[in-house]
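What follows is a set of notes on a single structure, which appears directly below.
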Amino acid sequence: MAGEPETIPGEPAVPSAAVREELARASRSLESAEPVEIVRWAAERYGDQLTMATAFGPEGCLIIHWLAAVAPRTYVFNLDTGYQFPETLALRERILKRYGIDVVLERPETTVADYERLHGGPLYRTDPDRCCGDRKLAVVKRVLARFGAWMSGIRRDQSPDRAAAPIVGWDHKYGVVKISPLANWTKAKVWDAIMREDVPYNPLHDQGYVSIGCQPCTRAIGAGEDERAGRWSGSAKTECGLHSRG
Ligand code: SF4
């Protein structure tokens, strides 16, 4: 790449003007591409510097379906906070069986038992930002330090925070390139593709759970509620912070 990112030890890398221009050009040219073509482009462009994070939502499962076809050796990981639903972890096994893709469970330094002992109880009740920071953000930072680009399943219509997500852009928070192949897809398009291609998905989606994260911070939603209303319900928190600018 012309003009590699500049790095300061301990700080996220900063892209040069040439890198920013290349990413903007790529994003514009991929804006109307099919997501599978975006996944293929990412795998060809970044090779073993590409990774993908998934919480096993429908979007992530669909991207894994495409990765299995175009770049099955990509390092795919899940942030295993210790608080995930058993159904989510069982889906990891189904994906392994179906695609041969062994999603790596990346874990925080402390077990749930040690973490709760250290803080006098579960922090998700009293300080969910700190809990997400320790059990998700610190882990994703650790993993992404080994890669140059990451891919995720976020969609622009999921939340105001995600509305401006480019297909390809610089992730200032982690100092890597971020690729969002489904940025301009809708929930309906994702589910059409899941059903058409018979992609494995979390059975909790059939029980009113729309956006699924950690068990203590996720509830099923009712008709007419926003798709992320079941996350950190009853608090002002709407994002774990993984996809917001740092
Ligand atoms: S979603 Fe809840 S349990 Fe999971 S890391 Fe965040 S606060 Fe903790």
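Points to keep in mind about this one:
- Difference of contour (0.36 nm per residue) and Cα-Cα distance, Asp192 to Gln215: 5.6 nm
- Placing Tyr115, Tyr75 in order of accessible area, with the largest value first and a 1.4 Å probe, yields Tyr75, Tyr115.
- Where Arg146, Arg196 fall by accessible area, highest first, once all protein chains stay in place (1.4 Å): Arg196, Arg146
- Note on Glu225/Arg146: beta-carbon distance plugged into 1/(1 + (r/R0)^6) with R0 of 41 Å gives a FRET efficiency of 0.60.
- Our helix-only sum for the chain, with -39,500 (n - 2.57) per DSSP H run of n ≥ 4 divided by its residues, gives a mean residue ellipticity at 222 nm of -10500 deg cm²/dmol.
- Ranking Thr186, Thr81 by solvent-accessible area of protein heavy atoms (1.4 Å probe, all protein chains present), from largest to smallest, gives Thr186, Thr81.
- Computed P(r) (all Cα pairs; region 17-201; 10 Å bins; percent): 9, 35, 36, 16, 4, 0
- Amide H partners (placed H, <5 Å) of Phe77, local residues excluded: Met52, Ala53, Thr54, Val104
- Cβ-Cβ FRET estimate between Val70 and Gln207, R0 fixed at 30 Å, reported to 0.05: 0.40
- When the pairs Lys141/Lys178; Lys97/Lys173; Lys173/Lys237; Lys97/Lys237; Lys136/Lys237; Lys141/Lys187 are compared against a 25 Å limit on Cα-Cα distance, Lys97/Lys173; Lys97/Lys237; Lys141/Lys187 fall above it.
The values are calculated or read from the model by the stated rules, or taken from the named source; none is laboratory data. Given the structure is predicted, the values throughout are model-derived calculations rather than measurements. A quick note on method: Cβ atoms are made from the backbone with ideal geometry, for glycine too, and the neighbour counts reach across all protein chains shown. In case anyone asks, the SASA skips ligands and DNA or RNA and just uses the protein heavy atoms, side chains included. Shrake-Rupley method; radii C 1.70, N 1.55, O 1.52, S 1.80 Å.
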